[in-house]
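Data first, discussion second: the structure below is written as structure tokens.
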Amino acid sequence: MKHLRASRWPAWPGLRAGGTQWAQACALAAAVPLAWAAGEAAPDEARPVDLTEPAAVLALLNAQRAAGAVCGNEVMPPAPPLQWHAAMERAALDHLLDVAGRPALSHVGQDGSSVGGRVWRHGYVWGGVAENIAGGHRGAADTLRLWLASPSHCRTLMGARYDHVAVVGRHVPGSRLRDYWVMVVARPLR
């Protein structure tokens, strides 16, 4: 994903500029800046810094899902909203920290784990699970646009069969890409 140029990123397909859902999502995202950017003390440069606010990311995701998308050549109709899930948040954060210490992005953990194994490890018994990862992008909106520009990542984001989600983003000083993102979506075993 690191090779897409900014000029090729779509502008939230399906969401009209000035549309109510887009305005609400942007307002929420803008209302939750990083605390240290708002004048507080700078974070310790050795610690990862959280780049996400769950409510803002969830609003952006669900606004896009409500609008539908075109993923490559496949039209994805509007999908139901996702709910944030703590087990997936823990699994996503574990994998983000693992990936940040490695030379390349990978869906396979250093311990050989898959996304399904990581989610299961945190107590979520799933009937379907998927993951998007990205690196080198500071903002949630830019990362989501990047995923929408990739057909396979877009299908994961727009998958109507999923019920739960977590997206974590961290700035990891000293790492190769510095900023990392992991999104996990799942549905429970029924």
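The values are calculated or read from the model by the stated rules, or taken from the named source; none is laboratory data. Please read all numbers here as calculations on a predicted model, not as lab measurements. A quick note on method: Cβ atoms are made from the backbone with ideal geometry, for glycine too, and the neighbour counts reach across all protein chains shown. The area values use the complete protein model at the heavy-atom level, side chains included, leaving out ligands, DNA and RNA. Shrake-Rupley method; radii C 1.70, N 1.55, O 1.52, S 1.80 Å.
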*How do the pairs read when you match residues in the stretch 123-150 that are under 17 Å from Ala166 (Cα atoms) with residues anywhere that are open to solvent by less than 10 Å² (accessible area, probe 1.4 Å) and of a type in the set (Val, Ile, Thr), using Cβ under 6 Å and keeping only pairs 6 or more apart or on different chains?*
Trp126/Val119; Val129/Val119; Ala130/Val185; Glu131/Val184; Ile133/Val182; Ala134/Thr143; Ala140/Val57
_Breaking point among (1) open to solvent by 50 Å² or more (accessible area, probe 1.4 Å); (2) modelled with pLDDT under 50; (3) more than 23 Å from Leu177 (Cβ to Cβ), for Pro13_ = (1)
*Out of Ala25, Ala37, Ala29, which single residue is small (Gly, Ala, Ser) and either open to solvent by 60 Å² or more (accessible area, probe 1.4 Å) or modelled with pLDDT of 90 or more (or both)?*
Ala37
*If you check Ala160, Ala166, Ala140, which single one turns out to be within 16 Å of Trp84 (Cα to Cα) and either polar (S, T, N, Q) or at pLDDT below 95 (or both)?*
Ala140
*Just wondering, is there one or more residues in the stretch 86-95 that are farther than 20 Å from His171 by Cβ, at pLDDT 95 or above, of a type outside the set (A, V, I, L, M, F, W, C) and out of contact with any Cys (no Cβ under 6 Å at 6 or more places or on another chain)?*
no
